[in-house]
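> Have a look at the structure that comes next, please.
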Amino acid sequence: MAYLVISCSLNPESRSRNLAKDAQNRLETLNEKMVWLDLAERDLPMCDGDAVYKLPLVGEMGKLVKEADGILMAAPIYNYDLNAVAKNFIELTGRAWQDKVVGFLCAAGGEGSFMSPMGMANSLMLDFRCIVIPRFVYASSKDFSDNGDVTPEIKERIDGLVDVLVKVSKALS
Ligand SMILES: Cc1cc2nc3c(=O)[nH]c(=O)nc-3n(C[C@H](O)[C@H](O)[C@H](O)COP(=O)(O)O)c2cc1C
């Protein structure tokens, strides 16, 4: 089994990246094989639905998705949705998502946007038959300390999400 953890924020001070790192730590504690992908370190093009699919970098991203059994997407909430970087990544990698088990970890400013991952979840379920774990992590600014650490409650939710992702991915493999 192999898992892919994708950090989708381009902000150097990203909080969702910290959520992704905690998820990475949990996978390591469980001795699960994991690949880390930070989109801030990749200069991905915007999806034009055409020539971009021939680029080696885009092919490489598709391969990472395809080779994963379970995928965790950590992303910022922008305008009541996952950020454009996350959506662009899915547009670029498309069919590679077929039948994947997917979990979301989101960092938001406030508490009111907690249903924001649902648009992306619906799209992945309907487009690519993804199994979306119905337990996502949603952390608002009050859940982070000044140095970016999360509260024990959020940490527990991250562990819970990772544990279910692993359980479901193994059951379906
Ligand atoms: C363009 C933009 C739009 C945002 N929209 C929302 C929003 O709709 N709801 C919300 O709760 N926070 C919103 N925020 C706050 C971010 O979700 C918050 O800063 C979060 O920590 C960003 O994730 P990151 O730290 O991983 O980059 C927005 C921030 C920006 C820059």
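Just so you know, all these numbers are worked out from the coordinates, no wet-lab data involved. The structure displayed is predicted, hence computed values, not measured ones. All Cβ positions, glycine included, derive from the backbone under ideal geometry; neighbour counts span all protein chains shown.
> Mind counting lysine pairs for me in the chain? Cα separation below 21 Å, and the two need to be 8 or more apart along the chain or on different chains.
Value for the chain: 27.
> OK, next. Taking springs between alpha-carbon atoms closer than 10 angstrom, which of Met115, Met61, Met125 fluctuates most in the Gaussian network model of the chain?
Met115
> Which of Val58, Val101, Val150 moves the most in a Gaussian network model of the chain with Cα springs under 10 Å?
Highest fluctuation of the listed residues: Val58.
> Calculate the dipole size of the chain relative to its Cα centre from +1 charges on Lys and Arg beta carbons and -1 charges on Asp and Glu beta carbons; express the result in debye to the nearest 20.
440 debye
> Still on this structure: Over the chain, what is the mean sequence separation of C-alpha contacts under 8 Å (at least six apart), divided by residue count, expressed as relative contact order in percent?
Relative contact order of the chain: 25 percent.
> Separate question: Per-residue ellipticity at 222 nm for the chain, helices alone: DSSP H runs ≥ 4 residues times -39500 (n - 2.57), over residue total, nearest 500 deg cm²/dmol?
-12500 deg cm²/dmol
> Answer with one residue from Leu124, Leu105, Ser141: the one whose Cα lies farthest towards the positive end of the charge dipole of the range 78-150, charges on Cβ with Lys, Arg +1 and Asp, Glu -1.
Sorting the options by dipole projection puts first Leu124.
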